[in-house]
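Structure first, commentary second.
Derivation of every value follows stated rules applied to the coordinates shown; laboratory data play no part. The structure presented is a predicted model; accordingly, all values stated were derived computationally and were not measured. All Cβ positions, even for glycine, are placed from backbone atoms using ideal geometry, and neighbour counts span all protein chains on display.
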């Protein structure tokens, strides 16, 4: 590594990576949930509330919209356009743009223009209370623009320390989102809402679709959709770019390219060890819901420890 | 219709390109012809091409507007301004002379005050200047140079004579636009560059880097140079980032730097602390260090001035250099040149009246409607009275402020700034302009070839500041002898 990076710039680049991933995955989440709901009978309890739980913002949501008001309209507004929600898509894109503005010189010149286009699009296309089809189009486009941006950076940015920091942000956010999606969906499933049982298959498929991984599952596992196999696939299949294992390995690879990486690599190895020592497939059984939830909780504690190690090593 | 120079109205003004008869001024013929040959469509096309180039090159400046910052595209006129090489050489000599004298004066102010004792400049004016920093006394910046980067504003009056309007000794900006203007012109008028021997301007970033390197307190092969910016909300942030990139220097904010117990300056990086040798600061003195000057600054670095005093880091420009960047002190520059250099000034000052002196003040107060009145320490064209364009109420207000604080004001005759043809719609009209060359002083002294030509884009206006509707032009220093026929 020949070029040194200012701590402030490093922090901005890291958050740029996180916000980009967050905007993309939140858009994807809303879309997939919308599709799932269309397949379920109206009387079923499953609705939009799980999305609030996935993003870990139940308290904020209730304080803004009231308890028991997790309607499609409210949840979509909260997750997409509500500037009072720090994790909303619009705020992620604003955060992305603000961070990009200050690190303009560390990326290809055109990058800021692309990010600005994404911002302008989100501003005009995401409107509270819009129809499902309009919303679907807007979210798909946002997800696509965000993925294009990631692809563009990967292909055109100098793969120096800035790049590794961007990847750290990407992968930590991705690992976080992967565990959250599994947590809420599967706990919900495993917790035995018996009336949901006939629709289990549809739900597991929707989990896989949240990761664009339906085809990948078939190609990799070559078995029907089955909870233990799905869990193993999403946690431990190194070939799946959004699997938890793959995210951690990518974080580790990026850390190895950075100076003074001792604490952060240790934190990453702790998370990897915990994963290796856990038989995640076994947690797929109906009676294992509490254990699975506990394991995912541990994963998130590891991720936040990893984040803290990065912050204290590089940004302070 | 295409451009018809016979209808170009620059009568009773000095136009840089066109004579009152409508004929080209000596040496500018090729350029004037080239523009006359463009059809309406071509003119619109080139203008659009320039706009596109500016957008895609990301040349912007920020304006604080209704609570938010807006990046505006840099307003640019496609007709270049020409200066003959022979005239320019003389101007460059004059600028070097001026900056040498100014630096000698500042160094004297903070050391022996010989010039004050000898009455060259009244001591009171200097020591009571808002820009005088008592704690800078006795400090020895490298080569005795306090203002390493100076931007002097030149104007031409109706009779063709050239004046220095002011010397921006603190944190002058605009040089990046000079460089970008040239890059835009090369893109949209490459053929013009075949017909003229135009002196390049692109060496500025290397010259600036060399100048800054020459200030390094450590004798190392590549001293660490940083550009200190107030941040993205500053109107000149584009320039700060641009220069840092061009010099391969680090662009830092105050929070990136720290002064350690050894009184050295370090920047915080992912590899830990890294020593900094030279800081090209684009932050005003008062905001540099909460321990030295304003305590409420969020932009500065605690202990920075101490590190500078200890000789562990170079600051360009040196704090305190603004003492000579005061419109009252300005009126003494010709005397400084005679006193410190024993030479006659090559470049003239605009005749000025100091309101602190009674006969001058009376003259100013009696002739407000004909004069320009300037406060001693404002920049960007703020706080001025332009007599001929003023209202009764504005003049009454100036009578009051001048009487209340005469030390703070000077009066000058309203110059009829020279003009140059500028695109307006699909024809050209004269617009007033000035010129800001940049002078670098370190181990050596260097003057940009030409400088930034600023244009008042509104008809009749003489305010060229970008914050107030000004634009710019590429400035060509050319050798008429090397003109090539198309």
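General observations
- Inter-chain shielding of A:250-261 (mean C-beta neighbours from other protein chains, 10 Å cut-off): 1
- Stokes-Einstein diffusion coefficient of the range B:295-394, Kirkwood radius over Cα pairs, 25 °C, 0.890 mPa s, in µm²/s: 144
- Principal axis extents of the C-alpha atoms in the protein assembly as shown (largest first, rounded to whole Å): 99, 68, 54.
- One compactness figure for the range B:210-334 is 1.07, namely its Cα radius of gyration divided by 2.2 N^0.38 Å.
- Seen against the Cα atoms of chain B and their longest principal axis, helix B:85-109 is set at about 20 degrees.
- Relative to the compact-globule estimate of 2.2 N^0.38 Å, the Cα radius of gyration of chain B comes out at 0.99.
- As a ratio to 2.2 N^0.38 Å, the alpha-carbon radius of gyration computed for the range A:246-299 takes the value 1.38.
- Antiparallel bridge percentage (DSSP; both residues within chain B; nearest 5): 75
- Mean residue ellipticity, 222 nm, helices only, the protein assembly as shown: the sum of -39500 (n - 2.57) across DSSP H runs of n ≥ 4, divided by residue count and rounded to 500, is -13500 deg cm²/dmol.
- Using all pairs of distinct alpha-carbon atoms, the Kirkwood hydrodynamic radius of the range A:170-316 works out to 15.8 angstrom.
- Where only alpha carbons of the range B:97-197 are counted, the Rg and the Dmax (Å): 19.2, 58
- Cα long-axis angle, helix B:204-213 against chain B (0 to 90 degrees, to the nearest 10): 10
- With Cα atoms, 0 to 90° folded angle of helix B:175-188 axis to chain B main axis: 30
- Counted over the protein assembly as shown, the DSSP beta bridges are approximately 75% antiparallel.
- Each of B:89, B:325 was scored by other Cβ atoms within 10 Å of its Cβ. Listed from fewest to most, they are B:89, B:325.
- Working ranking of peptides A:15-22, A:153-160 by packing, defined as the average number of other Cβ atoms within 10 Å per residue, highest first, is A:15-22, A:153-160.
- Put a dot 7 Å past the Cα of residue B:273, heading toward its Cβ, do the same for residue B:358, and the two dots end up 5.9 nm apart.
- For the pair the range B:31-49 / the range A:246-316, the C-alpha centres are spaced 63 Å from each other.
- Packing rank of A:125-132, A:165-172, A:305-312, B:458-465, where each peptide gets the mean count of other beta carbons within 10 Å, highest leading: A:165-172, A:305-312, B:458-465, A:125-132
- Our analysis of chain A gives Rg over Rh at 0.96, with the two radii drawn from alpha carbon positions and Rh computed by the Kirkwood formula.
- 19 Å tail of the calculated P(r), the range A:5-90, as % of Cα pairs: 43
- Percent of C-alpha pairs per 10 Å bin, the range A:97-157, short to long: 22, 46, 24, 8
- Cα pair distances of the range A:94-251 binned at 10 Å [whole percent]: 9, 30, 32, 23, 6, 1
- Legend: mean number of C-beta atoms from other chains within 10 angstrom of residue C-beta atoms, peptide B:262-273, equals 5.
- With the Kirkwood sum run over all distinct C-alpha pairs, the range B:353-414 has a hydrodynamic radius of 11.2 Å.
- C-alpha center-to-center spacing [the range B:157-199, the range B:417-486] in angstrom: 5
- Using bins of 5 Å that start at zero, the share of Cα-Cα pairs per bin across the range A:1-158 amounts to 1, 9, 18, 20, 17, 13, 9, 6, 3, 2, 1, 0, 0, in whole %.
- Largest to smallest principal axis extent of the C-alpha atoms in the range B:344-470, angstrom: 47, 42, 26
- Taken as Cα centroids, the range B:336-374 and the range B:236-304 sit 37 Å apart, rounded to the nearest whole angstrom.
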